[in-house]
Amino acid sequence: MKKISVLGSTGSIGTQTLDVAAKHSEHFQIEGLAAGGNTDLLLEQVRRFKPRKVSVATRELAERIQSEVPAGTEVFYGDQGLIEIAAGTDADMVVTAVMGSLGLPSTLAAIEAGKTIGLANKETLVTAGHIVTALAREKGVKLLPIDSEHSAIFQCLNGESRKDLASITLTASGGSFRDRTREELKRVTVEDALKHPNWSMGAKITIDSATMVNKGLEVIEAHWLFDLPYEQINVLLHPESIIHSFVEFRDTSIIAQLGNPDMRVPIQYALTYPERWDSPAQRLSLAEAGKLQFREMDFERFPCLRLAYECGKMGGTATTAFNAANEVAVARFLRKEISFLQIEDIIERVLERHHNIPEPELAEIEDCDKRTREAAAKL
């Protein structure tokens, strides 16, 4: 019986993680659940999985649900509540699926406590990759990727010698506006942006997919997960999202991981690694797919991806600033305060003013994150 805590249990990855756990209930026990403000769904999850500890965003929400959780379930809240669910239970594994930079302190606490990490919060490595990976090595903790692209690379590298690796390629669907010109993007709405053609995801990540920020964050994450220079990390547009990513070796051989777009597959692989179990996902028929399309990535059409590469190569707090500016800009777009193209404009203007710190301590990362958010909110 593997014991699991889920950070971000009411989000897209969190709910699908619990779907996988329910399908294999004889193998998994849910120790802790942390959510934000969706207490109705959280209470459903608590009644079904009976975790020992649960956390919500605020004291008020904690007081509201206290009388509704089963006897024996402790209720926590806020940043300390996240850390309690991450490090203060008997969980063997912690799935980090909270949105944004909020996941960093709790992930570090889980690593410090020796928990295996199922990593679905890419911002953790984007903002503090050097700290997270160093601590994971020190504690002997596995970082098992849950993003479909990183899971694909992880699977393709199984059993292979790293010295034979030439490059990795992350595939990108292109998001909601992949076939629209820059001129057409001036008129798109929030509702248009949230209609992803392939994946069912939360609002923020769906917008990130349309701007290609999400792929930029994945490039930076891949740099830390697989210890590769940015020159060996490529991105290719693949509208069908069937090849989730692939690896090329020095003898020109390519190994790819394929499957229908279904996040339960990489989630389950992280939970069951190194074993593979039956999955509820639909099997892929290449005959039905008919053909797969690929296009070179256009950095002028998707300038946010170019910015991500530039920040990644610069290192230090540049990636923190990139992520923080984007989070604020996307939130403003979702509130209809700015246009779609102003997201990238805000990110670029913030980065132009950024003073980079090459090897930041955690406090410097947190300060950079705070100052960047303030700057992005004013532009």
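The values are calculated or read from the model by the stated rules, or taken from the named source; none is laboratory data. As the structure is a computational prediction, the values presented were derived from the model and not from experiment. No Cβ is skipped: glycine too gets one built from the backbone with ideal geometry, and neighbour counts run over all protein chains shown. Each accessible area value is taken on the protein alone, full model and side chains, heavy atoms only, with ligands, DNA and RNA left out. Shrake-Rupley method; radii C 1.70, N 1.55, O 1.52, S 1.80 Å.
A few points about this structure:
- Here is the list for segment 295-367: trypsin sites (Lys or Arg not before Pro) lying in DSSP coil, each with at most 10 other C-beta atoms within 10 angstrom of its C-beta, are 335, 336.
- The charge dipole of segment 1-52, taken about its Cα centre with unit charges on the Cβ of Lys, Arg, Asp and Glu (plus for the first two, minus for the last two), comes to roughly 180 debye.
- Residue among 360, 70, 303 with the largest mean-square fluctuation in a Gaussian network model of the chain, springs linking Cα atoms under 10 Å: 70
- Three-way shape label, segment 189-282, alpha-carbon gyration tensor, a/c 1.5: oblate
- Inter-centroid distance (Cα atoms) of segment 58-110 relative to segment 319-379, Å: 27 Å
- In terms of its C-alpha gyration tensor, segment 106-194 comes out oblate, because a/c is 1.5 or above while a/b does not outweigh b/c.
- Rounded Å value of the spacing that divides the Cα centres of segment 204-253 and segment 116-136: 17 Å
- Nonpolar atom fraction for the chain, defined as the carbon and sulfur part of the 1.4 Å probe accessible area, stands at 48 percent.
- The order of the peptides 285-294, 253-262 by mean Cβ neighbours within 10 Å, most packed first, is 253-262, 285-294.
- Structure note, pairs 142/313; 2/53; 2/115; 122/291; 53/122; 139/370: Cα-Cα distances above 23 angstrom occur for 142/313; 122/291; 53/122; 139/370.
- Euclidean distance between Cα centres, segment 1-43 to segment 141-192, Å: 25 Å
- Selected from 139, 163, 215 as most flexible by GNM, with the chain as the system and alpha-carbon contacts under 10 Å: 163
- The relative contact order of segment 52-100, computed from alpha carbon pairs under 8 Å that lie at least 6 residues apart in sequence, is 42 percent.
- For the chain: rounded, prolate or oblate by the Cα gyration tensor [a/c cutoff 1.5]: rounded
- Remark: C-alpha extents of segment 1-117 on the principal axes read 31, 30, 25 Å, sorted largest to smallest.
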